[in-house]
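Nothing in this text is a laboratory measurement; each read-out follows from the coordinates by a stated rule. Model, not experiment: these values are computed from the prediction. Cβ placement follows ideal geometry from the backbone for every residue including glycine, while neighbour counts extend to all protein chains displayed.
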Amino acid sequence: MRLAQGIIIDKEKTFGRLKFSALRREVFLNNEDGSVSTEVKERTYDLKSREQGRMIQVSIPASIPLREFDYNAEVELINPIADTVANATYRGADVDWYIKADDLVLKNKTTPKIEPKNKQG
């Protein structure tokens, strides 16, 4: 089960200041035979969140170039959402939460406006 559009996040209240830490992992697409391809599907970055008081992981689409900011550089998420994946078990369900965003940019830098993919209307 998935939330159809995810949960829209108030960036300032939810995360506060975000500081770049590192690229955590790259997720690769699978070939038709089930083997892992060399094509990247998404990248997940570690960010330090002041409001959360801990490191958070945020996934960005592979269509966005690899982000290699300085350690502790202040960054901003573009159109972040929280989403879930629930898997039924014999005792109920296991739910995994994750955060995705359209882009990750340096704070206070001018960037082109990216419309949310989930926008209805």
³J(HN,Hα), Karplus 6.51/-1.76/1.60, whole Hz, each residue of the range 51-65, x for Gly, Pro:
5, 7, x, 6, 6, 10, 10, 10, 9, 10, x, 5, 5, 8, x
Give me the extension gain from Met55 to Asn108: residue separation times 0.36 nm, minus the current Cα-Cα distance, reported in nm with one decimal.
16.9 nm
Among the listed pairs Lys13/Lys41; Lys13/Lys48; Lys11/Lys107; Lys11/Lys41, which have their C-alpha atoms separated by more than 20 angstrom in this model?
Lys13/Lys41; Lys11/Lys41
So what is the 222 nm mean residue ellipticity for the chain from helices alone, if each DSSP H run of at least 4 adds -39500 (n - 2.57) and you divide by all residues, rounding to the nearest 500 deg cm²/dmol?
-1000 deg cm²/dmol
Taking the structure as given and computing P(r) over Cα pairs in 10 Å bins from 0, in percent, which label from (1) 14, 51, 30, 4, 0; (2) 11, 26, 19, 9, 7, 8, 8, 7, 5, 1; (3) 12, 38, 35, 13, 2 fits?
(3)
Could you go through the range 67-75 in sequence order and give the Karplus-derived ³J(HN,Hα) for each residue, using 6.51 cos²θ - 1.76 cosθ + 1.60 with θ = phi - 60°, rounded to whole Hz, and x for Gly and Pro?
9, 10, 7, 4, 4, 6, 5, 6, 10
Can you order the peptides 26-34, 39-47, 51-59 by their average number of other Cβ atoms within 10 Å per residue, highest first?
39-47, 51-59, 26-34
Enter the Cα centre distance for the pair the range 29-44 and the range 71-107, rounded to the nearest angstrom.
20
If the label point sits 7 Å along Cα→Cβ of Lys13, residues of the range 67-85 with amide N under 19 Å come out as 77-83
Through the Karplus equation 6.51 cos²θ - 1.76 cosθ + 1.60, θ set to phi - 60°, convert the phi angles of the range 91-104 into ³J(HN,Hα) values in whole Hz; use x for Gly and Pro.
10, x, 7, 9, 10, 10, 9, 8, 10, 10, 8, 6, 6, 10
